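This report concerns only the one structure given below.
The values are calculated or read from the model by the stated rules, or taken from the named source; none is laboratory data. Because the structure is predicted, anything quoted here is derived from the model rather than measured. Glycine also receives a Cβ, built like all others from the backbone with ideal geometry; neighbour counts cover every protein chain displayed.
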Amino acid sequence: MKTFFYNIGYFLLEASRTIRFNSLSNLFSVIGTGLILFLLGMVLTGWSVGNQLVQALEKEAEVSAYFKDDISEEQALDLVNTIQTIDGVQKAGYIDQTAAYEENKNMLGKEADILKLFEDNPFEAYIDVRINLNDMDAVIAKMSKLEGIEYVRDNREILNQLKGIVNALKIIGVLIALAVGVTTLIIISHMIRQGIYNNKDQINTLWLLGAPNGFVGFPFILAGTLLTLLGGALAAGLLSILMTKGYDQLSGYLMFLPFPPMEELRDKVCLLIIIISAGLGFVGSLFGITSIRKSN
Amino acid sequence: MIEAKDVSLIYQDGTVALKNINIEIKPGEMVYITGPSGSGKTSLLKLLMGMEYPTSGSLKVLGQTMKRGKGGRVRKLRKRIGPIFQEFKLIERRTALENVMMGMRFLGISPRKMKAEAISALKRVGLEHKIKAKVDHLSWGEAQRVAIARAVARKPVLLLADEPTGNLDQDNALNILHILNSFCDSNTAVVITTHATHLIENQENATYIRVKQGEISIERRGQSL
């Protein structure tokens, strides 16, 4: 360990020499890695936005329970209390006929004039139940069995479709993350092998002088990690520019969707990309220096 | 320090480099290995450095049995050896000082001490004015002296030098032999292969190993031997 600390300056110098020695090839590797990581950053952003949407929708998951005709208001309020005790129910509230009318009038907006065609209020009283989306099936089953409940209306189809989209996005994200990981590892380990080949005489001399593998290999690990970090920084820079310029426009077009705050998301994704790049660089370099061990 | 019993070295192509040699070298001993080109001098030195392994027989260097499959231990052993290679094996695009320090970096020496020892070693070989010169720009003889400085700066217990005077004029060659000889006083065994028999033939207190077609004859001179 003492030797390691004594030689930090040397390791950094050697790493920079390795980088400079094959600068053009390394520059292209950094750009390639940066673009791949940029792609990963885009997927992570999409993933994050998708998750935020689903979480928001999950919080807003509501079902409506309609009464049988012969039920009194008192019995209806008792049912509200019963529903409130079911596991997975966040909140339950009684919506009387007048409130149901107003709600639908608001929802129809400019089309609300159509309601004037009805002599009586066409809407029924119901119980508005806010639930946890994950408990939706169990809650609906329990509510449907309650005495006095005619039927339960849910927006399960829409929620399930949204969940499906987000799940697909997650799978695509994992696949892209895997592809990015493997590609980066290949690029970096190839780059390191190239560096080792270029310095094979020096490596051989160091061995003959008794240098341990760690001493010989560490500058290459450092070089690989630094190059991938540069790629990560490039990706983070591109993502930052793109998100700063494009995010407001996108959320403006889709203003009815609850997008996460741009700054927070941008900072998180950029930081994650840089951490991933350092990790991939380190692992890729480790793969790369296996060629040292083989030739030793 | 070095103990070889019936050691033979046969290369993969069938060339017999060394045949049943027996050597014992003690701490502080000065050993010259001489012989014509292709006689097996460098092969013997390569065996001692762990660059080759005996095909048969037993070889121990600094207590370590030298055989294939013990690479890790042999590498550790090399830290205690000061090798001087015939082709120098200096690291290109580095200064003389950097090259000398490179040989010491993994020995656990503090950077300040390392630099001081490296400068001192370069002064000993008469290269104090070339400390910051890139080794690529040095003459053949100067490069050889950097290689020697790199070996001696490590303060090894065993110095192995392959033709260390091969590219030097007589004065520099004698100076280098004198420097290498001086290590014997601090109990370092020094093993040198050389063609330059005229420089060493009158030396007392030394062992002469003459190699001819893979076989050796040993002549010991001096009271300690």
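Would you be able to say whether some residue in the stretch A:265-273 is within 14 Å of chain B (Cβ to nearest Cβ), touching a residue at least 60 places away in the same chain (Cβ under 8 Å) and among the basic types (Lys, Arg)?
Going residue by residue through the stretch A:265-273, those that are within 14 Å of chain B (Cβ to nearest Cβ) are none.
The answer is no; no qualifying residue exists.
Show me the helices (runs of 4 or more DSSP H) found entirely inside the stretch A:1-73 where at least 3 residues are away from every other protein chain (no Cβ under 14 Å) and at pLDDT 85 or above.
Values: elements: A:2-6, A:8-21, A:23-59.
Per the criteria, A:23-59.
Could we say that B:Ala118 is small (Gly, Ala, Ser), buried (at least 19 other Cβ atoms within 10 Å of the Cβ) and at pLDDT 90 or above here?
On the way: small (Gly, Ala, Ser): yes; buried (at least 19 other Cβ atoms within 10 Å of the Cβ): yes; at pLDDT 90 or above: yes.
Against the criterion (small (Gly, Ala, Ser), buried (at least 19 other Cβ atoms within 10 Å of the Cβ) and at pLDDT 90 or above), B:Ala118 qualifies.
Considering only residues of the stretch B:75-89 that are of a type in the set (A, V, I, L, M) and crowded, with 22+ Cβ neighbours inside 10 Å, which is farthest from the other protein chains (Cβ to nearest Cβ)?
Checking each candidate, the answer is B:Ile84.
Which numbered condition in (1) surrounded by fewer than 19 Cβ atoms within 10 Å (Cβ to Cβ); (2) within 12 Å of another protein chain (Cβ to nearest Cβ); (3) under 15 Å from A:Thr205 (Cα atoms) is the only one that B:Met49 fails?
Only one criterion in (1) surrounded by fewer than 19 Cβ atoms within 10 Å (Cβ to Cβ); (2) within 12 Å of another protein chain (Cβ to nearest Cβ); (3) under 15 Å from A:Thr205 (Cα atoms) is unmet by B:Met49, namely (1).
Taking the stated definitions as given, is A:Gly217 over 23 Å from A:Val54 (Cβ atoms), crowded, with 16+ Cβ neighbours inside 10 Å and at pLDDT below 85? Break it down into steps so the answer makes sense when it comes.
Values: over 23 Å from A:Val54 (Cβ atoms): yes; crowded, with 16+ Cβ neighbours inside 10 Å: yes; at pLDDT below 85: no.
When the stated conditions are applied, A:Gly217 does not pass them.
Suppose the filter is buried (at least 18 other Cβ atoms within 10 Å of the Cβ) and of a type in the set (A, V, I, L, M); does A:Ala61 pass it?
It is true that A:Ala61 is buried (at least 18 other Cβ atoms within 10 Å of the Cβ) and of a type in the set (A, V, I, L, M).
Give the number of residues within the stretch B:141-172 that are in a helix (DSSP H, G or I) and surrounded by fewer than 23 Cβ atoms within 10 Å (Cβ to Cβ). If you could, list the steps in order and put the result at the bottom.
Narrowing the stretch B:141-172 to residues in a helix (DSSP H, G or I): B:141-153, B:170-172.
Subsequent filtering for residues that are surrounded by fewer than 23 Cβ atoms within 10 Å (Cβ to Cβ) retains B:141-143, B:170-172.
The qualifying residues number 6.
Looking at the stretch A:169-180, can you tell me whether even one residue there is of a type in the set (Gly, Ala, Ser), buried (at least 17 other Cβ atoms within 10 Å of the Cβ) and in contact with a helix residue (DSSP H, G or I) (Cβ under 8 Å, 6 or more places away or on another chain)? Give the steps one after another, and end with the answer.
As a first pass, look at the stretch A:169-180 and keep what is of a type in the set (Gly, Ala, Ser): A:173, A:177, A:179.
Those left that are additionally buried (at least 17 other Cβ atoms within 10 Å of the Cβ): A:173.
Next cut, in contact with a helix residue (DSSP H, G or I) (Cβ under 8 Å, 6 or more places away or on another chain) only: A:173.
So far as the stretch A:169-180 goes, yes, one or more of its residues are of a type in the set (Gly, Ala, Ser), buried (at least 17 other Cβ atoms within 10 Å of the Cβ) and in contact with a helix residue (DSSP H, G or I) (Cβ under 8 Å, 6 or more places away or on another chain).
Kindly indicate the residue of the stretch A:184-213 that is assigned to a helix (DSSP H, G or I) and within 9 Å of chain B (Cβ to nearest Cβ) and also surrounded by the fewest Cβ atoms within 10 Å (Cβ to Cβ) among those meeting that condition. Lay out the reasoning, then the answer.
First, pick out the residues of the stretch A:184-213 that are assigned to a helix (DSSP H, G or I): A:184-198, A:200-208, A:213.
Narrowing the set further to residues that are within 9 Å of chain B (Cβ to nearest Cβ) leaves A:201-202, A:204-208, A:213.
On the way: A:Asp201: 12, A:Gln202: 21, A:Asn204: 15, A:Thr205: 22, A:Leu206: 22, A:Trp207: 22, A:Leu208: 18, A:Asn213: 16.
Looking at residues that are assigned to a helix (DSSP H, G or I) and within 9 Å of chain B (Cβ to nearest Cβ), I get A:Asp201.
Check A:Asp128, A:Asp135 and return the single one that is under 30 Å from A:Gly88 (Cα atoms), assigned to a helix (DSSP H, G or I) and not assigned by TED's automatic domain parsing to the domain that holds A:Asn7. Step through it out loud before you land on a result.
Working: A:Asp128 fails: assigned to a helix (DSSP H, G or I).
Sole residue among the options that is under 30 Å from A:Gly88 (Cα atoms), assigned to a helix (DSSP H, G or I) and not assigned by TED's automatic domain parsing to the domain that holds A:Asn7: A:Asp135.
Does B:Ser37 satisfy the condition of being assigned to a loop (DSSP other than H, G, I, E, B), of a type in the set (Gly, Ala, Ser) and either at negative phi or within 14 Å of another protein chain (Cβ to nearest Cβ) (or both)?
Judged against the criteria, B:Ser37 is a match.
Here's a check for you: in the stretch A:112-125, which residue that is more than 21 Å from A:Tyr94 (Cβ to Cβ) and outside any helix (DSSP H, G or I) is modelled with the highest pLDDT? Spell out how you get there, then give the answer.
Going through the stretch A:112-125, the residues more than 21 Å from A:Tyr94 (Cβ to Cβ) turn out to be A:112-119.
This time we only want the ones that are outside any helix (DSSP H, G or I), so: A:118-119.
Numbers: A:Phe118: 85, A:Glu119: 81.
Selected residue: A:Phe118.
When you go through (1) of a type outside the set (Lys, Arg); (2) surrounded by fewer than 21 Cβ atoms within 10 Å (Cβ to Cβ); (3) assigned to a strand (DSSP E or B) one by one for B:Ala17, which number turns out not to apply?
Only one criterion is unmet by B:Ala17, namely (2).
Take the conditions over 23 Å from B:Phe88 (Cβ atoms) and either in contact with a helix residue (DSSP H, G or I) (Cβ under 6 Å, 6 or more places away or on another chain) or surrounded by 17 or more Cβ atoms within 10 Å (Cβ to Cβ) (or both) and apply them to B:Arg124. Does it pass? Walk me through how you get there before you give the answer.
On the way: over 23 Å from B:Phe88 (Cβ atoms): no; either in contact with a helix residue (DSSP H, G or I) (Cβ under 6 Å, 6 or more places away or on another chain) or surrounded by 17 or more Cβ atoms within 10 Å (Cβ to Cβ) (or both): yes.
Criteria not met by B:Arg124.
Which of the helices (runs of 4 or more DSSP H) found entirely inside the stretch B:40-119 contain at least 2 residues meeting this: farther than 16 Å from A:Pro212 by Cα?
Details: elements: B:41-49, B:71-78, B:96-102.
Per the criteria, B:41-49, B:96-102.
Hey, can you tell me all the residues within the stretch B:100-113 that are within 9 Å of chain A (Cβ to nearest Cβ) and crowded, with 24+ Cβ neighbours inside 10 Å?
Matches in the stretch B:100-113: B:Gly103 only.
Among the residues of the stretch A:111-125 satisfying the criterion of being of a type outside the set (A, V, I, L, M) and loosely packed, with under 12 Cβ neighbours inside 10 Å, which is nearest to A:Gln97 (Cα to Cα)? Break it down into steps so the answer makes sense when it comes.
Taking the stretch A:111-125 as the starting set, the residues that turn out to be of a type outside the set (A, V, I, L, M) are A:111, A:113, A:116, A:118-124.
The next check asks that each one be loosely packed, with under 12 Cβ neighbours inside 10 Å; those that pass are A:111, A:113, A:116, A:118-120.
Values: A:Glu111: 20, A:Asp113: 18, A:Lys116: 16, A:Phe118: 14, A:Glu119: 14, A:Asp120: 11 Å.
Here the answer is A:Asp120.
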